[in-house]
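Encoded as structure tokens, the structure appears first; notes follow it.
The numbers here are math on the coordinates, done by the rules we state, and not lab data. Worth saying up front: this structure is predicted, and the values here are computed from it rather than measured. Please note: Cβ atoms are built from the backbone with ideal geometry, for glycine as well, and neighbour counts cover all protein chains shown.
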Amino acid sequence: MGRYIIRRLIQAVPVLLGATLFIFAIVFALPGDPIAALAGEKRQDPNIVAIIRDQYHLNDPLLLQYWYYISGIIFRGDFGKTFAGVPVTQLLAGKLQVTLNLALVALVLEAVIGVVLGLWAALRRGRATDTAILASTLLLISIPTLVSGFVLQLWLGVWLKQVTGTEIFPIAGTTQGIKSYLLPGFVLAGVSIAYLTRLTRTSLVETLRSDYIRTATAKGLSRRRVIGRHGLRNALIPLVTYLGADLGNLMGGAVITETIFNLPGIGNQLYQGVYLREQPIVVGIVTILVLVYIVANLVVDLMYAVLDPRIRYE
Amino acid sequence: MSDTPQAGPAGPDTQTLTPETAPVAPPSRGRRRKKEGKPASLWTDAWHDLRRRPMFIFSLVLIAILLIMSFWPSLFTSINPLDARTCDLSTARQGPSAGHLFGRDNLGCDVYARTIYGAGNSILIGVSTTIITAVVGGLLGLIAGTRGGLTDTVSSRVTEVFFAIPQILGALLITATFRDKGLGIWIVVIALSVLAWPMTFRIMRAAVITARSQDFVIAARALGASQSRIMFGHLLPNAIAPVIVVSTINLGGFIAAEAALSFLGVGVQSPDISWGLMIADARSRFLEAPLPLVFPAVFLSITVLAFIMMGDAVRDALDPKLR
Amino acid sequence: MRVTKGAQIVAGTALLALAVAACGGGGGTSTGTSGSGGDTPVRMELGEPQNLLVPSNTTESEGAEALAAVFEPLVNYDENKQVVMGAADSIETKDNKVWTIKLKPGYTWHNGEPVVAQNYVDAWNYAANQENAQGAGYFFGRVEGYADLNPGEGKPVTTKEMKGLKAVDDTTLEVTLSAPFSQFKTMLGYTAFYPLPKAAFGSDGKVTNEYGEKPIGQGLFKLDKPYKKGTDQTIDLTVYDKFPGKKPTGWTKLQFKLYNSSETAYNDLQADNVDIHDSLPASAIASAKTALGDRYQDQPDAGIGYIGFPLQYNDEYKDVKVREAISMAIDRKTIAETVFSGTRAPADDFINPAIDGYRQGACTACAYDPGKAKEQYAAAKGPAKLELGYNADGGHKEWIEAVANNLRANLGVEVTVKPFEKFANILDDLDAKKYKGMFRMGWAIDYPSAEDYLTPIFSTGAIKTGSNYAGYSNKTFDETVAKGDQAASPEESLKQYQAADDILIKEMPYIPVYFYRNNSGYSTKVKNVKINLLNQVEWADVEKA
């Protein structure tokens, strides 16, 4: 097991380096001088621009810049500084928390709603409920976050507030604790809910068809017991896989949701980083997301072993 | 992928199509409706199946309408939104009225006409990206799967790098970097393709590897068929079904992704019209005047729905097991 | 650089076109500091400062607003747009070249040390030195010896001091300029001219990061704790006991709540979660007028928006008749009312109404006259195709599109609207003579003088180093401005500046399109909120309601 984890982590190194270098190179190629642009519409003294560029190694070739960056992380745990002189780690800590909260709320909503709907559909397989649930998942998949975000913001945020007089779902911002994350969390989870519903349904239907379930039923076990003990447990494996891997996706895909609901998360920050050409911020965020992706996949694979005794890792 | 239906690295479409479960459908394995003992091909089977699905017919009709709208928008509206004289700033944000069914936007332009004219770019981008990813990813997957060895190892590692990069964020970066290069809307196609091809690659590769060890391929090889003949004559036809399935489903996702990028200000640029751009423009006054945002949003959703419904139907037909 | 709140996007602060749009905000976590005796803070909306809080590196409105609470400037500006003494007791000159500044006694730093003239000298030398790469260093460009501290990139700076800067004694500061400049006094109220205490500097002679997080000032408020940029959602301050000037009555705590969207801040204002909001967005104006009633304020703001021409290398726009026709074809009023909902006003002069010297209706070609525009444009054989560039990041798209529609409809020409990603990209293309079309441009003042609308944007000297992006050059104009700079009395100076303004109106190197407005609102918990010429709140006057 330990050796397996180590091997997987070693395999992740080239992925991490490749992804960061790719992103680094693109930010490097972004047109425009980030320092000159800091002054907005007044012409920044070219002298000062040159001096600041030098401080941030911006005049060096790509690979050298990348080396400065990556060696800082490896040897000093230093993700660099923004042009305002703030350490990237300090800047991202708070933003990461917001995105993580959002992704976790989305994940919980996704798991609860997705599994319940999927279960329901599977048990009513072939009937109207099943068809209706499947149709609505299709609809859910089809509505881009861009649309669902605004529509829910208008209906549940604004109109509901006008009707009831209280702010049940905050329209934007993170000032109201977990309440602030409910609506954006649902919007973010939307597509995943649909996928998870379908996955749960398929998985359960297949499990229920298998021989041991038939045996269990034949033995005279109650339907509840058959489904609960035998069916669900086995149907769970692909669901856990999906949920685990989805955490990374939710975090990386939150930029639109964060924008609509104005949550100061890393998606928003990355967008600003691109705009300000803040290489350390952009690459730092991507590095974090790549790490999340790698770790999530690893954890998922390990979960396999826990859930299915037949799987063993060397 | 969470912001768009585009199945991301771990989206369930790929999830269920990982090497272990990737559907490989040999042409001669007639699965239903055998006529007089003669096995029907996968494709004939699928076509029979599709024709009977109301969902498929419905999506096909929708897509046909959208295509007509893209090519001949003037059939649907007499107002040319590209002509500034049709806008009147003093009527900005007015609600629906006769002649202006969806009302006016922030600049006093007709929302309906702009929505109609927005279809073209969305569909062009969606279709182009799908074709490019299918061809590039499919071809590379075919080569990697057939040749194996170092080619396979290297290309698989490379795809992992792309899988690890969040799609919208990656596309945001690429478009932001290259958008001043005069590529117009094609930069969106390129950005989406760069990040999406690994998915087709993986699926094709997995399907090819499964097909490679099948008897008829081994037989062909034993008979001395050339590498390229085996690749294109035997492996490709046997491995292409899952690629087609995923591509059709992704098409809707690409359209949504284009809207997301345009919304973020790095996709389609004015004066080109795009639904994402319209949504972005209407956003500042969304609470005052929601309609200029709602109408393009509805059209966007319907378009994505049409393509996803079609993809869903195609998947069911080509690979019923996945349903 | 100074940026008006209304134009804060311009500054390239973290705000984007997106963030400006509807809703949202990294709203301040309500740190309910309702501690002793119910002394709840007065809470004000603020965008995130662009940099650490170091005066000489703060050139945008948000950081400036925060620092203005911590520092007392040498001069303030009264309601009649005139300079009044702040931390200075008197500022005198005989020849507009050598200025003697006497400090008011009684000011101490928040760490207890007395404020001395040397603190100013140290701060200003630090700001001007190129090695320190301070954003506001250029403010000292008129001081004698500035060039010594700025020999150019790669060249070593051999001295640490400007010749023209001298602390005569603890309370007297003598500044010698390299050329006479009558407006020097008006400059002194700005962030760049704040002094720095000894404690600001580290052993290497640079301002420390710790100082930037918790600046020690000599002003009304001191910071309760360091402000961690990027993490903290509030900046908390308390009135400094030993502040010798006017203090607010009835309250002692001030809290800046950081928002990344002015819409969210407006929602919070309505919910009484924040007390003062001085940059209401266009989308909130209609609502604010009814919801806030007389708690809504609308006053001039010194910023101007123009449309410029690359006069230097594109002869198509050479004929002033063409430029006038374009100007007359723009329906400024409808744009101000519809696109901006009154957060802008139609421009009718090159000098803004917030500043002394503005003359209503001075620019006759700024009046909307589509008929005359078309006729004149045709007669002058204006180009059949026009191009209009703007930076896509600052929320300019709508009004630019509106202007383009005006030109298309009223002049019958083809107009291409060209988005650049940032203003710096327009600038690059103009410098390289690559971009031939018209472009938008905004100006926010560096100091409240009519002169600031002239020299930095239109003087020949500003082509290379200033903001004269059009490349406009007119000898008479330069000379007239110079006369104003050397004039013996403020009245005489203003007369010369207005004469220079007349030249601009006649020649239209740029087209003034709109003046910014400052749109503010406050909650039911405070009253008597006044916003000064610098768009900063007069804290001592604010009362709790």
*Using modelled amide H (1.01 Å from N, peptide plane; none on Pro or chain starts), what sits under 5 Å from the amide H of C:L165, excluding residues fewer than 5 places away?*
C:T176
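When you count, for each residue, the other Cβ atoms within 10 Å and take the mean per peptide, how do C:395-404, A:90-99 rank with the highest first? Please list the in-between numbers first.
Details: C:395-404: 24.1, A:90-99: 20.6.
Result, highest mean Cβ count within 10 Å first: C:395-404, A:90-99.
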*How large is the Kirkwood hydrodynamic radius of chain C, in angstrom, based on all distinct alpha carbon pairs?*
24.2 Å
*B:S74 versus B:W47, label points 7 Å from Cα toward the beta carbon: distance in nm?*
3.7 nm
*Give the span of the range C:387-465's Cα atoms along each principal axis, as three whole-Å numbers ordered largest to smallest.*
37, 27, 24
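Could you rank the peptides C:186-192, C:534-540 by their average count of other C-beta atoms within 10 Å per residue, with the highest value first?
Ranking, from highest mean packing down: C:186-192, C:534-540.
Report, as an integer, the average count of C-beta atoms from other chains found within 10 Å of each Cβ along C:145-157.
Numbers: counts 0, 0, 0, 0, 0, 3, 1, 4, 8, 4, 1, 0, 0.
Rounded to a whole number, the mean comes out at 2.
What shape does the range B:38-158 take by its C-alpha gyration tensor, where a ≥ b ≥ c are the square roots of the eigenvalues and a/c under 1.5 counts as rounded, a/b above b/c as prolate, and the rest as oblate? Please list the in-between numbers first.
Working: a/c = 4.38, a/b = 1.91, b/c = 2.29.
It comes out oblate by the Cα gyration axes.
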*Per Stokes-Einstein, at 20 °C and 1.002 mPa s, what whole-number D in µm² s⁻¹ belongs to the protein assembly as shown, with the Kirkwood radius over Cα pairs as the hydrodynamic radius?*
66 µm²/s
_Please compare each pair in C:K222/C:K422; A:K42/C:K257; C:K321/C:K436; C:K163/C:K225 to a cut-off of 30 Å on the Cα-Cα distance and tell me which ones are over it._
C:K222/C:K422; C:K163/C:K225
*asked:* Quick check: convex hull over the Cα atoms of the range C:362-508, volume per residue in Å³, rounded to an integer?
replied: 130 Å³
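Summing -39500 (n - 2.57) over the DSSP H runs of n ≥ 4 in chain C and dividing by its residue number, what mean residue ellipticity at 222 nm do you reach, to the nearest 500 deg cm²/dmol? List each step's numbers first, then the result.
On the way: 15 runs with 136 residues, N = 545.
Value at 222 nm, helices only, nearest 500: -7000 deg cm²/dmol.
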*What length, rounded to one decimal in nm, is gained on full extension from A:R7 through to A:Q90, with 0.36 nm per residue of separation minus their alpha-carbon distance?*
26.7 nm
*Count neighbours as other Cβ atoms within 10 Å of each site's Cβ, and list the GluC sites (Glu not before Pro) in the range C:136-199 that are DSSP loop with at most 16 such neighbours.*
C:E153, C:E161
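Starting from the Cα gyration tensor of chain B, multiply each eigenvalue by 5, take the square root, and state the resulting semi-axes largest first in whole Å. Please report the intermediate quantities before stating the final value.
Numbers: eigenvalues 354, 105, 42 Å².
Working through the eigenvalues yields semi-axes of 42, 23, 14 Å.
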*From phi via Karplus (6.51, -1.76, 1.60), per-residue ³J(HN,Hα) for the range C:370-376 in Hz, x at Gly/Pro*: x, x, 5, 4, 5, 4, 5
*Using a Förster distance of 25 Å, the FRET efficiency for A:V116-A:Q176 (Cβ separation, nearest 0.05)*: 0.40
_Under 8 Å for C-alpha pairs, at least 6 residues apart: give me the relative contact order for chain B, rounded to a whole percent._
26 percent
*Largest first and to the nearest Å, give the Cα extent of the range A:158-314 along each principal axis.*
64, 51, 21
*Quick one: if you take sqrt(5λ) for each eigenvalue of the C-alpha gyration tensor of the range C:425-545, what semi-axes come out, biggest first, whole angstrom?*
34, 22, 11
*Output ³J(HN,Hα) for the range C:128-138: one whole-Hz value per residue in order, computed from phi by the Karplus curve 6.51 cos²θ - 1.76 cosθ + 1.60 with θ = phi - 60°, and x for Gly and Pro.*
7, 6, 4, 5, 8, 6, 8, x, 9, x, 5
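Could you line up C:M162, A:M303 from fewest to most neighbouring Cβ atoms inside 10 Å?
Details: C:M162 23, A:M303 17.
Arranged by neighbour count, lowest to highest, C:M162, A:M303 become A:M303, C:M162.
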_Mean ellipticity per residue at 222 nm, deg cm²/dmol - from DSSP H runs of n ≥ 4 across chain B, formula -39500 (n - 2.57)_ = -20500 deg cm²/dmol
*Would you please give the residues with an amide H less than 5 Å from that of C:E387, counting only those at least 5 places away or on a separate chain, with H modeled from the backbone geometry?*
C:T416, C:M438
*If you average the sequence gap of Cα pairs under 8 Å that are 6 or more apart and divide by the length of chain C, what percent do you get for the contact order?*
20 percent
*Using the number of other C-beta atoms within 10 angstrom as an exposure proxy, rank B:D49, A:D246 with the fewest first.*
B:D49, A:D246
*For the range C:205-288, what relative contact order do you get, as a whole percent, if you take Cα pairs closer than 8 Å and at least 6 residues apart?*
19 percent
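Partner chain Cβ atoms within 10 Å, averaged over the residues of A:16-26 - can you pull that number for me? Could the numbers behind the result be given before it?
Values: counts 2, 1, 7, 8, 3, 1, 9, 5, 0, 1, 7.
That average works out to 4.
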*asked:* Using each residue's phi in the range B:195-206, evaluate 6.51 cos²θ - 1.76 cosθ + 1.60 at θ = phi - 60° and report the 3J(HN,Hα) Karplus result to the nearest Hz, with x for Gly and Pro.
replied: 8, 9, 4, x, 5, 5, 3, 4, 5, 4, 4, 4
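Ranked highest first by the average count of other Cβ atoms within 10 Å around their residues, in what order do C:219-229, C:51-61, C:297-307 fall?
Working: C:219-229: 20.0, C:51-61: 26.7, C:297-307: 22.1.
Top of the packing list down: C:51-61, C:297-307, C:219-229.
For the range C:288-368, count the residues as N, evaluate 2.2 N^0.38 Å, and divide the Cα radius of gyration by that value, please.
Values: Rg = 15.7 Å, N = 81, 2.2 N^0.38 = 11.7 Å.
Compared with the compact-globule rule of thumb, the range C:288-368 sits at 1.34.
Between C:F201 and C:V84, what length comes free when the chain is fully extended (0.36 nm per residue of separation minus the Cα-Cα distance, one decimal in nm)? If you can, show how the numbers build up before the last one.
Numbers: separation 117, 0.36 × 117 = 42.12 nm, distance 3.02 nm.
In short, 39.1 nm is gained.
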*asked:* Once you place label points 7 Å from the Cα toward the Cβ at B:Q227 and B:F58, how far apart are they in nm?
replied: 4.9 nm
*Compute the length gained on full extension between A:E167 and A:L63: take 0.36 nm times their separation in residues and subtract their Cα-Cα distance, giving the result in nm to one decimal.*
32.3 nm
*Principal axes first, then extents: for the Cα atoms of the range B:111-192, list largest minus smallest coordinate on each axis, whole Å, largest first.*
55, 23, 22
_Computed label-point distance, nm, for sites A:A132 and C:E479 using a 7 Å Cα→Cβ extension_ = 8.8 nm
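Would you calculate a helix-derived [θ] at 222 nm for chain A, using -39,500 (n - 2.57) for each DSSP H run of n ≥ 4 and dividing by the full residue count, to the nearest 500? Each step should come with its number before you reach the end.
Details: 14 runs with 227 residues, N = 314.
Estimated from H runs of four or more residues: -24000 deg cm²/dmol.
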*How crowded by other chains is C:56-67, given as the mean number of beta carbons from other chains within 10 Å of each beta carbon?*
1
_All Cα pairs of the range C:229-317, percent lying beyond 18 Å_ = 65 percent
